[in-house]
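Let me begin by presenting the structure, written as structure tokens, before commenting on it.
The values are calculated or read from the model by the stated rules, or taken from the named source; none is laboratory data. Keep in mind the model is a prediction, meaning the values are calculated, not measured. Every residue, glycine as well, gets a Cβ built from its backbone with ideal geometry; the counts of neighbours run over all protein chains shown. Surface accessibility is based on the protein's heavy atoms, side chains included, excluding ligands, DNA and RNA. Shrake-Rupley method; radii C 1.70, N 1.55, O 1.52, S 1.80 Å.
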Amino acid sequence: MKVLVINCGSSSIKFELFEMPREKVLAKGIVEKLGEAGSRLRCRMNGHETALEQPIADHDEGLRLIVRTLTDTGHGGIGDRREIEAIGHRVVHAGEAFAHTVMITDEVIRALEDHVDLAPLHNPPNLLGIAVAREVFPGVPQVGVFDTAFHQTMPKQSYLYPVPYEFYVEHRVRRYGFHGTSHRYVAERAAEMLDRPLSGINLITAHLGNGASITAIEGGRSVDTSMGMTPLEGLVMGTRCGDIDPALMVTVARLTGKSMVEIDRILNQESGMLGLTGMSNDMRTLEDAAAKGNERADLALDIYSYRLKKYIGAYTAVLGTVDALVFTGGVGENSDVVRRRCLSGMAPLGYDLDQRINDRTRSSETVISTPESRAKVLVIATNEELMIAKDTFELAGA
Ligand code: AMP
């Protein structure tokens, strides 16, 4: 069965076509800058690269162009769109409505529309993608995979903020957590690497990309995660601040005259590693700068790693015993520097890094701890698209 996975952003559509259950990637690409100058499509299919730069007005035109590209037999395409038998959508926020992947129905769409105020930047393009896909592929089963779903197993003690309870009851103010599809994927892979059932092990999974979150997983169930009501809470990120004193916002507003909306934007887009260094949100750039003696870059790396270390310690306490700590995401998979700094001095807590293996490990499934380490430390390349394809196949194929 051919499954098309779609991830709709405000001005882009990422897509990947899988042959399931073989998990074979048939095509992968993106249309971007929708409705802007320089809109374009890039697609890799059968070893063939397609790159088109042409006006693409909106998501509808974008998806139709994707279909034309995928069915272009001159470029090794699939010949007929009817071969695509199911579509999996990444959806950011499902609130408390869905704890699992679901088939998309009118009722599901209404529930997601009801959550737009919780994710005003992400859910509208996700919903638009669903609407367009239903039009372009009439009658084809559509499946929704939610970033928040995996964390719906968190107990109240993890997800409630200590603020007036009415905020939760009346306005759904609580911690939701994100990156759930990635945490779930690497947890399943970790269980396979350890050759143990996921239900019988405890894991800490650190998804460190431009956005970053860490999750405590007990027997396959998320029991705590660092992102909260929005993806701003938790670890230091590329441009997001992570945990701060909430009174900082009011104080900065008073001191600078900036509005809350402007400060919210700064905390999301101009903080984190970019804010600390004034240079870049890209970890490679910052590691290079630190290696050349740039003190701010070095300090930012220390702050990033120190806060990560504190979360690893906290989640170790939450779980009691940890079978494996997993690093994933662009930084987690590739940055031996961050892995080394955040685990320095952690051997007594159960995390003993093999420095030699750590130094050379990039984006592969590798054990990077010593044989003596109480918990295994793993690097696992995440694959959210494959997870979405698997869920979609499971639901739509049945
Ligand atoms: P993601 O959002 O998962 O694509 O991750 C993006 C982040 O991964 C960026 O900060 C990149 O700088 C970082 N990254 C990618 N490759 C490397 C590398 N070889 N070393 C350090 N960081 C990397």
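Here are the numbers for this structure:
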| read-out | value |
| --- | --- |
| Residue ID - modelled with the lowest pLDDT, chosen from residues in region 1-28 that are polar (S, T, N, Q) and outside any strand (DSSP E or B) | SER10 |
| Filtered residue count, region 220-236, keeping only those that are closer than 16 Å to SER182 by Cβ and assigned to a loop (DSSP other than H, G, I, E, B) | 6 |
| Which listed residue, of ILE13, ILE66, ILE56, is more than 19 Å from ALA86 (Cβ to Cβ) and either in contact (Cβ under 8 Å) with a residue 60 or more places away in the chain or among the aliphatic types (A, V, I, L, M) (or both) | ILE56 |
| Residue match in region 195-215 (condition: more than 21 Å from the chain's Cα centre (by Cα), open to solvent by 40 Å² or more (accessible area, probe 1.4 Å) and under 30 Å from ILE104 (Cβ atoms)) | yes |
| Matching residues in region 247-280 - criterion: being outside any helix (DSSP H, G or I), open to solvent by 60 Å² or more (accessible area, probe 1.4 Å) and in contact (Cβ under 8 Å) with a residue 24 or more places away in the chain | GLU270 |
| Identity of the residue in region 354-381, among the hydrophobic types (A, V, I, L, M, F, W, C) and assigned to a loop (DSSP other than H, G, I, E, B), that ends up most open to solvent (accessible area, probe 1.4 Å) | ALA381 |
| Residue identified as open to solvent by 30 Å² or more (accessible area, probe 1.4 Å) and in contact with a Ser or Thr (Cβ under 8 Å, 6 or more places away or on another chain) among ARG175, ARG221 | ARG221 |
| Top-ranked residue in region 16-27 [being in contact (Cβ under 8 Å) with a residue 40 or more places away in the chain and of a type in the set (D, E, K, R); ranked as surrounded by the most Cβ atoms within 10 Å (Cβ to Cβ)] | GLU16 |
| Members of region 281-305 found to be surrounded by fewer than 19 Cβ atoms within 10 Å (Cβ to Cβ) and within 13 Å of the ligand (Cβ to nearest atom), listed by number | ASP282, ARG284, THR285, ASP288, ALA291 |
| Tally of residues being of a type outside the set (A, V, I, L, M) and more than 16 Å from the ligand (Cβ to nearest atom) across region 310-348 | 11 |
| Criterion: open to solvent by 30 Å² or more (accessible area, probe 1.4 Å) and without any contact (Cβ under 8 Å) to a residue 60 or more places away in the chain - qualifying residue of HIS115, HIS100 | HIS100 |
| Among residues of region 225-246, those that are open to solvent by 10 Å² or more (accessible area, probe 1.4 Å) and not aliphatic (A, V, I, L, M), counted | 9 |
| Where LYS258 falls short, out of the listed (1) under 24 Å from the mean Cα position of the chain (by Cα); (2) more than 16 Å from the ligand (Cβ to nearest atom) | (1) |
| Sole exception among (1) surrounded by fewer than 16 Cβ atoms within 10 Å (Cβ to Cβ); (2) in contact with a Phe, Trp or Tyr (Cβ under 6 Å, 6 or more places away or on another chain) for ALA317, by number | (2) |
| TYR351 vs. criteria modelled with pLDDT of 95 or more, in a loop (DSSP other than H, G, I, E, B) and either within 12 Å of the ligand (Cβ to nearest atom) or surrounded by 23 or more Cβ atoms within 10 Å (Cβ to Cβ) (or both) | yes |
